[in-house]
Amino acid sequence: MFPLASAQLPLRRNLIGDHVEPEKFEDRPRVFPLTLVTPLLIAAPMMSSPSPLSRTLDAMLNVLDDYIAPPFLAPPPGSLPSHNVLLDSVVERTVGLGDRLGTDLRGPFSVAALKGLRVEAVVRYELWGETPADVGPPINDLIQNLLGDRDRLRAAGFLRIALKSTSPSENVFAEDAYRQNVQFEVLFEFPYVDADGAESLIARIPIDMIGEFNETTTVVDEMARWDNESTPTLAVRGPLSIGAFTALAFIPGPDPTGEVTLTRTFDGATGAPGTHSTLPSFVTAVAGNNPAERHAEVTFASLADFIAAIATFKITDGSLAKMGADPAPVTPAVLGLLEGIKDVEVAGESEFLLLVENEIGAVETTTHKSVILKHSAILEPILLGDWDLDGVADEYESVQFRISPSIQLTSVTDRLEIAFEHPELTEVAVVYLRASTGPGT
């Protein structure tokens, strides 16, 4: 693999023993040395906020808060202060190598590093009651519930939890109430995603070699990047088995105008390719070991239509929980109806919305459409860079269309292309496209 610097710095080969004529030397391209740039001219990298430690403590306390709320404990009566959980001490610990646990994927795209942070903490619960007898039983219930719920807590990231101490109940005169504390020692691990400062994915590596022979080339694979500066056609050749189309799309404003054409063909093909009106029809015709067509295409009226066509959705227990907890939550009644299509995988946004409408009706589908789509996509969105320069990390929608049986490009003469109508996107946007052997590769 070429080092990243080779994509930006020209390479020059000095041939030992070569005699360079003065006039020929003047004809050679000039190679400028690296220069120092005033720090004020260098844009500061965008930092994640809040910090990993803040997010770790928030995640830990959010879980522990559950155990002082119904159905675990009833709230204190009347105007007494609420039960509370506080941090008495925190020690940050590392996990993995440099906090790195692995790589976060969106289909075949390696989009960010999976990292983790561990904290050793002492947490203190404050429970309130009108009399000492009102705080004793809840303290016992809290200890039993917390220590007896190890499976749930381990799944939430708690590697260890142990009772440290309990205090006698004390009379708080200002509140005309009694308070009792109990402390627990916990070891909590929190996984998070870090882009490691990356502003984009590497789709093309230009290489310029200047020497006796000037050479220029570009290294690419089964991926292309489209933006408002260029839209190179994604072209792949056999031998290759294509099992999925995947895209990461950041479209912050109006949808770019222009058609997207997907073509499966071969060198020497004559005549116009067979046309198909939908992606499923196209895939059915060109996929498998003995495809019905080797020279065919399908055209989408816009980039938005193409992105919607290659999106796949599935409602799961996890997605239902996210819909209910969304800032614009789906109502419990609608969530109950969506249980009827749980774990059904549907390719294509329009096809999925039709299935949803059949379950919950047209009115509820219109009301909750964006939330249902957001939490039912089989790939989660990812934050990456700041292409529109608004000071906020860009959120890329992740979509994937799985192909089974796969499209077989059996020889080097077989090829598949995804092309945009214009030489660049007509609006500020970025789309990464990839044709891969399967959903995860």
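Derivation of every value follows stated rules applied to the coordinates shown; laboratory data play no part. This one's a predicted model, so the numbers in the text were calculated from it and none came from an experiment. All Cβ positions, glycine included, derive from the backbone under ideal geometry; neighbour counts span all protein chains shown.
Might you report the magnitude of the Cβ-based charge dipole of the range 312-376 about its Cα centre, with Lys and Arg at +1 and Asp and Glu at -1, to the nearest 20 debye?
Numbers: 5 positive and 10 negative charges, 40 e Å.
Once rounded to the nearest 20, the dipole reads 200 debye.
How do the peptides 53-60, 120-127 rank, highest first, by the average count of neighbouring beta carbon atoms within 10 Å per residue?
Details: 53-60: 16.6, 120-127: 19.6.
Highest-to-lowest ranking by the protection proxy: 120-127, 53-60.
Set Lys and Arg Cβ to +1 and Asp and Glu Cβ to -1, take the dipole of the range 338-441 about its Cα centre, and tell me which of Val344, Val371, Leu433 lies farthest positive.
Val344
Roughly how far apart, in whole Å, are the Cα centres of the range 320-341 and the range 142-169?
30
So what J values fall out for the range 280-286 if you push phi through Karplus, 6.51 cos²θ - 1.76 cosθ + 1.60 with θ = phi - 60°, rounded to Hz, Gly and Pro as x?
Karplus values, whole Hz, x for Gly and Pro: x, 5, 4, 5, 4, 6, 10.
Taking 23 Å as the cut-off for C-alpha to C-alpha distance, list the pairs among Lys342/Lys369; Lys115/Lys314; Lys164/Lys322; Lys342/Lys374; Lys322/Lys342 that go past it.
Details: Lys342/Lys369 16 Å; Lys115/Lys314 27 Å; Lys164/Lys322 34 Å; Lys342/Lys374 15 Å; Lys322/Lys342 14 Å.
Table pairs above 23 Å Cα-Cα are Lys115/Lys314; Lys164/Lys322.
Please report, in cubic angstrom per residue, the volume enclosed by the convex hull of the alpha-carbon atoms of the range 312-376. Each step should come with its number before you reach the end.
Values: hull volume 4.4 nm³, N = 65.
Value for the range 312-376: 68 Å³ per residue.
Per-residue counts of other Cβ atoms within 10 Å, averaged by peptide: what ranking do you get for 277-283, 374-380, highest first? Could you put the intermediate results ahead of the total?
Values: 277-283: 17.3, 374-380: 18.9.
Final packing ranking: 374-380, 277-283.
Quickly rank 246-254, 170-178 as a protection proxy: mean count of other C-beta atoms within 10 Å, highest first. Working shown, then result.
Numbers: 246-254: 18.9, 170-178: 13.0.
In descending order of packing, they fall as 246-254, 170-178.
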